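Everything on this sheet refers to the single structure shown next.
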Amino acid sequence: MDDGDSEAAPDRRGGGQRPPDTHGGDDQRRGRGVRVSGQLRRAVVVGVFIALTAGCSLVEPDESPTSKAPQTTAAEQVPRSSAEEQTSPPRSEVDQAEPDNEPEDGSARPDGDYAVVVYVVDGDTFDVEFTDGVVERIRTPQIDTPERDDCGFDEATRFTEELILGQTVELIPTRDGPDRDPYDRLLRAVEIDGDDVGAILVRAGAARWAPRYANEDLRLAAMYEPAEEQARREAIGFWSGCGWS
């Protein structure tokens with residue numbers, strides 16, 4: 001949601017540091033166990049979301065007996081989506097923006113900072129607290145979940161809550177995009193136990209990819225584009241429940 005989030009964003013600004021790697025052998029084994037456990041939990045959350053949205057329409061039917069106009073989709077209802085509020089100019093093709101000396105797969109990944117998710121605003125926006133106590137509002141780049149009052153808003157918000165609320169996540173800046181959006185939110189890709197949260201949302205049909213911002217980070221675009229193609233092809237999540245097209 002990109003109307004300034006209606007709720008006041010945190011006032012404090014800052015960053016967090018990567019936790020020191022002090023694990024011994026036993027700690028490493030425990031760490032792997034935690035990651036596997038987290039991945040299994042997320043798999044269950046994704047499965048539940050897909051099952052709840054499969055084969056059902058979240059769009060309220062038109063009750064007028066004389067109306068023959070087709071229902072509008074979430075994209076048609078909102079003239080300016082949340083992804084369109086980001087600052088970079090539109091680009092229609094990913095390969096137009098590939099910089100010189102860029103790896104062909106755009107796979108280079110910037111280092112990130114760690115923080116705990118303390119509040120979820122909607123499917124693609126949330127608050128985190130860094131290790132120094134500073135709180136920031138985060139906007140996930142290149143994806144767009146339903147806006148408030150749009151079909152799927154509540155479901156997408158709950159889905160993101162189940163995925164990351166109370167969890168430690170890694171926040172990764174985009175390679176070539178802005179640090180903040182027009183509402184002073186940090187633009188950060190989000191990973192939990194090495195899994196990209198944006199990719200999870202897109203793959204589950206809870207978010208759409210915004211290709212116009214692909215040039216901000218080709219690594220993300222390389223994940224999100226095929227994930228959206230698969231979700232659309234298989235009519236997963238809101239592609240069926242909300243009539244996305």
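Bear in mind these aren't lab numbers, they're just calculated from the coordinates by the rules spelled out. This structure is a prediction, so every number in the text was calculated from the model and none was measured. A quick note on method: Cβ atoms are made from the backbone with ideal geometry, for glycine too, and the neighbour counts reach across all protein chains shown.
General remarks:
- Backbone N under 19 Å from the Arg41 label point (7 Å along Cα→Cβ), restricted to segment 161-177: 161-171
- Sorted on the mean count of surrounding Cβ atoms within 10 Å across their residues, most packed first, peptides 199-211, 220-232 read 199-211, 220-232.
- Candidates Thr157, Gln142, Gly198 compared by Cα position along the dipole of segment 139-212: farthest toward the positive end lies Gln142, with charges placed on Cβ.
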